[in-house]
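Visitor: The structure under discussion is supplied below as structure tokens; questions concerning it will follow.
The values are calculated or read from the model by the stated rules, or taken from the named source; none is laboratory data. Quantities reported herein were computed from a predicted structural model and do not represent experimental measurements. In this analysis, Cβ positions are derived from the backbone assuming ideal geometry, glycine residues included, and neighbour counts consider all displayed protein chains.
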Amino acid sequence: MSGDAAGREYPVRPVVGIGIIVLRRDAVLLVRRGRAPARGEWSLPGGAQELGETAEEAARRELAEETRLTVGALRLVGHFDSIHRDEGGRIRFHYTILDFAADYVSGEARAGSDVAELIWAPDGGLAPFGLRPQALAMIARARAMLSG
């Protein structure tokens, strides 16, 4: 059995994480995480897939919980692994993340669930948010997919 009830901390296998890249004109929706493993960091909205839901259902649920937004069609952009080790080298968190992209349709984004705050960050001004290289690559890929 893992260290927490949801099996996310010190897991016995990777957890499927879902990221949602919501694009609006020349901006992308970012959230500041309110709890571990990335407390205080800016990232894409998302979270863990639950048993019995499809990846797309998980993406829509997480987006609604964290931002109060709904979107139209989702497109799978790609995947990557996020592995966090503790001081002793043990794997504390391991997420295999599937990133989906969608164009913003309507609604007012408001922080919810485990999100401390959110922002529509300009595509050309993402550096101050300290996004991981994988997230930046997925945002660029999503922009290319949805505009092409």
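Visitor: Do we find that Ala116 is of a type outside the set (Asp, Glu), farther than 17 Å from Ile21 by Cβ, touching a residue at least 60 places away in the same chain (Cβ under 8 Å) and in contact with a strand residue (DSSP E or B) (Cβ under 9 Å, 6 or more places away or on another chain) in this structure?
Guide: Criteria met by Ala116.
Visitor: Still on this structure, please answer the following. For the stretch 48-148, please list each of the strands (runs of 3 or more DSSP E) lying entirely inside it that holds at least 3 residues being at pLDDT 95 or above and surrounded by 19 or more Cβ atoms within 10 Å (Cβ to Cβ). Spell out the reasoning first.
Guide: Values: elements: 75-85, 91-103, 115-122.
Filter on the stretch 48-148 gives 91-103.
Visitor: Which numbered condition in (1) closer than 20 Å to Val22 by Cβ; (2) of a type in the set (Phe, Trp, Tyr); (3) in contact with a Lys or Arg (Cβ under 8 Å, 6 or more places away or on another chain) is the only one that Phe93 fails?
Guide: (1)
Visitor: Restricting attention to the stretch 37-47, which residues are in contact (Cβ under 8 Å) with a residue 40 or more places away in the chain and surrounded by fewer than 17 Cβ atoms within 10 Å (Cβ to Cβ)?
Guide: Initial filter on the stretch 37-47 (in contact (Cβ under 8 Å) with a residue 40 or more places away in the chain): 37, 40-47.
Result: Pro37, Gly40, Glu41.
Visitor: Shifting gears a bit: Please state which one of Gly40, Gly19 is assigned to a loop (DSSP other than H, G, I, E, B), at pLDDT 90 or above and within 17 Å of Gly130 (Cα to Cα). Lay out the reasoning, then the answer.
Guide: Numbers: Gly19 fails: assigned to a loop (DSSP other than H, G, I, E, B).
The unique qualifying residue is Gly40.
Visitor: Would you check if there is a residue in the stretch 87-103 being in contact with a Pro (Cβ under 7 Å, 6 or more places away or on another chain), among the hydroxyl-bearing types (Ser, Thr, Tyr) and in contact (Cβ under 8 Å) with a residue 24 or more places away in the chain?
Guide: Checking the stretch 87-103: at least one residue is in contact with a Pro (Cβ under 7 Å, 6 or more places away or on another chain), among the hydroxyl-bearing types (Ser, Thr, Tyr) and in contact (Cβ under 8 Å) with a residue 24 or more places away in the chain.
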